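J.: Could you have a look at this structure, given as structure tokens, before my questions?
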Amino acid sequence: MASLVIVGESEEVSFTKPLGRLSVFYYGVGHMLNDITASCWFTYLLLFLTQIGLSPRDAAIVMLSGQVADGFATVFVGESIDRFGHFKIWHAAGSLLVAISFSSVFGGCLPCTILHSNSLTLETLSYSMFAAIFNIGWAATQVSHMAMVNYITLNSTSRVALTSSRNAFSMVANLALYAIALVVFGVSKADTKENTESQYRWIAYSCITVGCCFVVVFLMGTKEPRLRITLRETNRARIPWAYWFRKILYYQVAMVYLLTRLVLNVSQAYLAFFVIDDLQMAQSAKALIPAIIYICSFVVSVMLQVYKKFKPYSSSPSLKTSVLKMDLAGKVDKNNFSKTI
């Protein structure tokens, strides 16, 4: 289990105080590298692989190898962090793997260059290997960064602020990717395999540079957190894994998240194909259309929050009807949800 430090009431009080803005900022930027590379990964990986000559089947194998590695790595990293702690070490190591493997995927087939081979089988194996490494590093960074929230502060308001900051910079990372891609696709042409690789190489290196800068800020500005519990909590037993498999809520949350991520990832992965192959739009549309969709989804999300906030004070039937439709389409009634727990 993570390192435990038993604190008295006086020290516990200091950890219930709200965090400063700088502390929240430093934490929030810690996931920028993961966010910007993941957005590029799901938006352009399949398109990149097919454009450089891989068959759709081989491109799917590369993507699948990464996702399988991510699934196993997430469980392993989560258990390891829970036992041994050292969040920043896991975060730094994961970020290093992400940077190296991401540049190796979009930077071209490194083993092919070393062995002077043009074998498609070797390309598939190379990209699959680096895809697996990328997702292992990505899982280590994500789990360590998410787990830090409850270890940094005991203040519930500050925990919400940390999560909100993380989500805000996730939006910044996505928009930064599409801005970079829009410039690259607008400036250069992908009329040959070499030019195509050059395009995505510039996008990958730019994403890594931006993300690593924020990782450095995070590592320098955030102190290594340590679990702090009071004396009255030391006798609590650790909840076994089997406990969660007996909870209906566990499967409800898992299915909602699984289906949501499935729709998001599939639509994101095939949108570029649809824009270029079916609509025959310009190359810059591969960045412009996803950016517009992302901005619109963000605006609608904000509007829903505003409507729900002022709904009790609204007397407009049309507004209430609109809000009800929005609730039924994408929200869960908090009262009914709490009754299922």
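The values are calculated or read from the model by the stated rules, or taken from the named source; none is laboratory data. For clarity, every value in this text was computed on a predicted model and none was experimentally measured. With ideal geometry, Cβ positions are generated from the backbone for all residues, glycine too; neighbour counts draw on all protein chains shown.
J.: Cβ-Cβ below 9 Å, separation at least six or inter-chain, first residue in the stretch 77-97 and under 22 Å from residue 217 (Cβ atoms), second surrounded by fewer than 18 Cβ atoms within 10 Å (Cβ to Cβ) and at pLDDT 95 or above: which pairs?
T.: That search, which allows pairs on different chains as well, returns 95/212.
J.: Assess whether residue 125 counts as being among the aliphatic types (A, V, I, L, M) and touching a helix residue (DSSP H, G or I) at 6+ places or on another chain (Cβ under 7 Å).
T.: So residue 125 fails the test.
J.: State which residue is modelled with the highest pLDDT when the search covers only the stretch 146-189 and only residues that are within 23 Å of residue 82 (Cα to Cα) and not in a helix (DSSP H, G or I).
T.: Among those that are within 23 Å of residue 82 (Cα to Cα) and not in a helix (DSSP H, G or I), it is 148.
J.: State all residues of the stretch 66-96 that are crowded, with 20+ Cβ neighbours inside 10 Å and either of a type outside the set (A, V, I, L, M) or farther than 14 Å from residue 143 by Cα (or both); if no residue qualifies, say none.
T.: Quick first cut of the stretch 66-96, residues crowded, with 20+ Cβ neighbours inside 10 Å only: 66, 69, 73, 77, 81, 85, 87, 90-91, 94-95.
Matches in the stretch 66-96: 66, 69, 85, 87, 90, 91, 94, 95.
J.: Just for the stretch 15-55: of the residues that are within 18 Å of residue 148 (Cβ to Cβ), surrounded by fewer than 23 Cβ atoms within 10 Å (Cβ to Cβ) and hydroxyl-bearing (Ser, Thr, Tyr), which one is modelled with the highest pLDDT?
T.: Once the filter is applied, the top-ranked residue is 26.
J.: Further question on the same structure: Before we move on, is residue 102 buried (at least 17 other Cβ atoms within 10 Å of the Cβ) and among the hydrophobic types (A, V, I, L, M, F, W, C)?
T.: Yes; evaluated as a whole, the condition is true for this residue.
J.: If you take the residues of the stretch 127-161 that are surrounded by 23 or more Cβ atoms within 10 Å (Cβ to Cβ) and among the hydroxyl-bearing types (Ser, Thr, Tyr), which of them is farthest from residue 89 (Cα to Cα)?
T.: Here the answer is 127.
J.: Right, something else. What number of residues within the stretch 275-293 are part of a loop (DSSP other than H, G, I, E, B) and loosely packed, with under 14 Cβ neighbours inside 10 Å? Full working, then the answer.
T.: Start the filter on the stretch 275-293 by keeping residues that are part of a loop (DSSP other than H, G, I, E, B), which leaves 279-284.
With loosely packed, with under 14 Cβ neighbours inside 10 Å added as a condition, the list becomes 279-280, 282.
Matching residues across the stretch 275-293 total 3.
J.: Let me ask something else about it. Determine whether residue 87 is modelled with pLDDT of 90 or more and closer than 22 Å to residue 212 by Cα.
T.: yes
J.: Sticking with this structure for a sec: Could you give me the residue pairs with C-beta distances under 7 Å whose first residue belongs to the stretch 154-165 and is under 16 Å from residue 31 (Cβ atoms), whose second residue is assigned to a helix (DSSP H, G or I) and polar (S, T, N, Q) wherever it lies, and which are 6+ apart or on separate chains?
T.: Listed pairs, sorted by first residue: 159/150.
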